[in-house]
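The values are calculated or read from the model by the stated rules, or taken from the named source; none is laboratory data. Fair warning: this is a prediction, and the values are worked out from it, not measured in the lab. Glycine also receives a Cβ, built like all others from the backbone with ideal geometry; neighbour counts cover every protein chain displayed. All accessible areas refer to the heavy atoms of the entire protein, side chains included, with ligands and DNA or RNA removed. Shrake-Rupley method; radii C 1.70, N 1.55, O 1.52, S 1.80 Å.
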Amino acid sequence: RRSGTAPAPAATPAPAVPTTHVAETYTLDQLQQAAAQLNDAGKATDLVDLIKSFGVVSLTQLPAEQYGAFAVGLKQLGGQL
């Protein structure tokens, strides 16, 4: 025999929440300017280490798809973008 309660409504799926945000895009010129500021501020060694961490020896060799991640590294060193 059925009880007097109504069946539970079907669960509505929660809207998908993106796990990543839309990354800002940067130009090579913007990255170079921020890098120059860090260099002038005496952070040349940190800057070289950051560049090498991306597997390149020069900022001009950095693939464009890594500009956003590199910008994050610049900001962590105090760079202004």
Take the alpha carbon gyration tensor of region 24-81, find the square roots of its eigenvalues, order them as a ≥ b ≥ c, and report rounded if a/c is under 1.5; if not, report prolate when a/b exceeds b/c, else oblate.
oblate
Just to check I understand the Karplus step: with θ = phi - 60° and J = 6.51 cos²θ - 1.76 cosθ + 1.60, what whole-Hz values come out for region 59-72, glycine and proline as x?
4, 5, 8, 5, x, 4, 5, 9, 4, x, 5, 5, 4, 4
Could you order the peptides 66-74, 28-36 from most to least packed, using the average number of other C-beta atoms within 10 Å per residue?
66-74, 28-36
Calculate one ³J(HN,Hα) per residue across region 44-54 by plugging θ = phi - 60° into the Karplus curve 6.51 cos²θ - 1.76 cosθ + 1.60, and present them in order as whole Hz with x for glycine and proline.
4, 5, 4, 5, 4, 4, 5, 4, 5, 5, 9
Any chance you could look up the accessible area of residue 52 with a 1.4 Å probe, heavy atoms only, rounded to 10 Å²?
130 Å²
